[in-house]
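What follows is a single structure, written as structure tokens, with notes after it.
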């Protein structure tokens, strides 16, 4: 039934295909000399080698979905407390757009944080009482207080910071890194996703860790808590490991024939994924089993770390994945969208995330892993300095605010104990060293040894990159 795959080619066919192949290879080497060194799919990236010596080997991105209020956590603004209840001056807002949730409010009363702030560390970083564990390690952190974005609503904003575009369909950061640099572990994916279970909040779609138009083997693989961490990974009842190996060998033979005929790269991508799934049948259960961790580690990460699927447990898993040389680990934690009832809601979020986030950084440090690992903590945009809805002495809400917010980093290549950028005394506008989303992405790629302007993929006639046509490396935060 496969006779049509066995057709003999003429000498003209052979010379034509060979000449085109050699020509393409030569052109590729002129465009990117590292492409000739690229390893096989699934282990090596298209670059073969980084563009320059990387300072970061692995990344853990702790994404706080819903947008934490920088004004209640990191960006201390005593003027807001002094002017609490007064109207936001138009000279500060300067006509900036609002969401539909507050554009109809007749009043925009300034809302000072009800939480106490203190300075910590050698550089005197201001931190809210809500994050006591993170406050203890401020000398390990680099705060960027001048982040800003162009998106004012959650879905486009999350899509923007995760993929470089507000529109769905682009590859995620982890996919770009896997595509360019490959994987350092043949038995685990180069890009793993962990999501806190049973959390309500803005929806998270798989396209946020998807491969977009890149080959499918570079998409993120979600690990779940429970009996089946990766869906459809286990063999069905009655199928032994030997049966599965034999099946894959025969399937690969058929797919190689198909690839030789059609030369569709997705055929080999599918083959690579099948093989990875087979190897993961033994590697994933091992990495997910934390029962061998000593008690002091559980105490370090907090009591939730013993409960699979919690944020704390996922932080511990992230460290275990990093130990196995997984290149990019993405954690998602929902529940930060506090349009009302912020004081009580943000307490819950901080209780769930503060201790394990700080523990992860210090755990990496005590194992020597922080020397070549970068940890990122932050959301998609900031929150307003005025109250959404009724403002009282004990309660308020904050709307979306894209013009300024805070994230922090720790680890390789970053100046520890640094506060970069700043906002005005109202916490409404960036006044010093603004960092756009594409600047953040360009800097992340730079730390991993990749020139963001040179890692490109041609799709539908256009050359795409993570940072589109923008982005600059933020040298002020680099060590």
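Things to note:
- Subtracting the Cα-Cα distance of residue 114 and residue 224 from their residue separation scaled by 0.36 nm leaves 35.9 nm.
- Helix-only [θ]222 nm of the chain, DSSP H runs n ≥ 4, -39500 (n - 2.57) each, per residue, nearest 500: -10000 deg cm²/dmol
- Take each peptide in 378-384, 297-303, 410-416, count the other Cβ atoms within 10 Å of every residue, and average; sorted highest first, the result is 378-384, 410-416, 297-303.
- Exposure proxy ranking, count of Cβ atoms within 10 Å, fewest first, for 459, 154, 446: 459, 154, 446
- In terms of other Cβ atoms within 10 Å, 377, 176 run from fewest to most in the order 377, 176.
- Cα gyration tensor shape of region 137-183, rounded if a/c is under 1.5, else prolate or oblate by comparing a/b with b/c: oblate
- Quick note on the chain: its Rg to Rh ratio, both from C-alpha atoms and Rh being the Kirkwood radius, is 1.02.
- Between the alpha-carbon centres of region 158-194 and region 430-479 there is a gap of 14 Å.
- Residue 82-residue 303 pseudo-label distance in nm [points 7 Å out on the Cα-to-Cβ vector]: 4.2 nm
- Estimated FRET transfer efficiency when R0 is 60 angstrom, pair residue 122-residue 390 (beta carbons, to 0.05): 0.90
- Pairs of Cα atoms nearer than 8 Å and 6+ residues apart set the relative contact order; for region 109-157 it is 24 percent.
- The mean sequence distance of close C-alpha pairs (under 8 Å, at least 6 residues apart), as a share of the length of the chain, puts its relative contact order at 27 percent.
- Förster-model FRET efficiency, 25 Å R0, residue 129 and residue 425, C-beta, rounded to 0.05: 0.70
- Counting every other Cβ atom within 10 Å of each residue's Cβ, 365, 458, 347 order from fewest to most as 458, 347, 365.
- C-alpha long axis of helix 241-262 to longest principal axis of the chain, angle in °: 80 degrees
- Most simply put, the chain has about 50% antiparallel DSSP beta bridges, counting only bridges with both residues inside it.
- Pairwise label distance in nanometres, residue 240 with residue 186, each label 7 Å out on the Cα-Cβ vector: 2.4 nm
- With only the Cα atoms considered, region 134-289 has a convex hull volume of 176 Å³ per residue.
- Angle of helix 311-323 to the longest C-alpha principal axis of the chain, folded into 0 to 90 degrees and rounded to 10: 40°.
- Label positions at residue 366 and residue 344, each projected 7 Å from the Cα along the C-beta direction, are separated by 3.6 nm.
- In degrees, nearest ten, helix 11-31 long axis to first principal axis of the chain (Cα): 30 degrees
Computed from the coordinates by the stated procedures, all read-outs in this text should not be read as laboratory data. These numbers come from a predicted model, not from an experiment. With ideal geometry, Cβ positions are generated from the backbone for all residues, glycine too; neighbour counts draw on all protein chains shown.
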